[in-house]
Amino acid sequence: MRIAIGCDHRGLALKQFVAKLIADMGHISQDFGCDTDEPVDYPDIAVAVAKAIVAGDFERGILLCDTGIGMCIAANKVKGIRAALCHDAFTARRSREHNDANVLCLSGRQAQGTVAEIVAAFLTSRFEGGRHQRRLDKIAGMGSDCAPDVTEEMHEKRRN
């Protein structure tokens with residue numbers, strides 16, 4: 001499997017560990033940066049990895065930043081990306097089985113042993129399809145036009 005990996009300056013050390021894990025599992029990875037501890041803007045890296053996956057150049061991606069949250073938010077802005085922030089092997093496995101996640105987001109602060117379990121679960125799990133496909137189809141059909149309605153509805157409920 002071909003895996004795109006990227007990080008900001010806070011995920012650099014762990015990204016190097018993840019790249020070795022990927023190779024040890026027999027996969028090929030390509031590094032989309034960064035490669036120094038100088039501050040960079042994580043959305044630039046997240047979008048580069050996401051676009052490479054959507055283009056079909058890579059099957060999956062792994063992104064790292066301080067918490068993993070920013071990378072996850074940024075990657076999910078790219079149509080066709082289903083990025084999941086995972087802190088354990090269970091959520092990594094479920095992100096693949098139920099949500100067909102194609103990008104794993106990690107915190108650069110996680111322990112290497114935990115990260116090894118998460119990456120292994122993410123790369124070895126398969127999408128189950130079935131009832132989960134119907135839900136993914138609904139998500140795929142959602143556009144940015146649905147957000148204002150949902151937001152207004154939520155605000156109305158809070159006011160009452």
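Can you compute the charge dipole magnitude of the chain about its Cα centre, using +1 on each Lys and Arg Cβ and -1 on each Asp and Glu Cβ, nothing else charged? Give it in debye, rounded to the nearest 20.
Details: 21 positive and 22 negative charges, 127 e Å.
The calculation lands at about 620 debye.
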Under a cut-off of 20 Å between alpha-carbon atoms, report the lysines in cross-link reach of LYS138, not counting same-chain residues fewer than 8 places apart. LYS77, LYS79
Given the -39500 (n - 2.57) contribution per DSSP H run of 4+ residues, what per-residue ellipticity at 222 nm results for the chain, rounded to the nearest 500 deg cm²/dmol? -15500 deg cm²/dmol
Specify the angular offset, from 0 to 90 degrees and rounded to the nearest 10, of the alpha carbon long axis of helix 42-54 from the longest principal axis of the alpha carbons in the chain. 90 degrees
Report the Cα centroid-to-centroid distance between the stretch 99-130 and the stretch 6-54 in angstrom, as an integer. 14 Å
Over the alpha-carbon set of the chain, divide Rg by the Kirkwood Rh and report the Rg/Rh ratio to two decimals. 1.01
Angle in degrees between helix 146-159 and the longest Cα principal axis of the chain, rounded to the nearest 10: 70 degrees
Note down the relative contact order for the chain as a percent, whole number, built from C-alpha pairs under 8 angstrom at least six residues apart. 22 percent
Quick one: length gained pulling LYS77 to LYS138 fully straight, 0.36 nm per residue minus the C-alpha distance? 20.3 nm
Only sites in a loop by DSSP and with at most 15 other Cβ atoms within 10 Å count here; which trypsin sites (Lys or Arg not before Pro) in the stretch 42-130 make the cut? LYS77, LYS79, ARG109, ARG126
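FYI, it's all coordinate maths here, none of it is from the lab. Treat the numbers as computed from the prediction; the structure is a model and nothing was measured. Cβ coordinates were reconstructed from backbone atoms using ideal geometry, including for glycine residues, and neighbour counts include every protein chain displayed.
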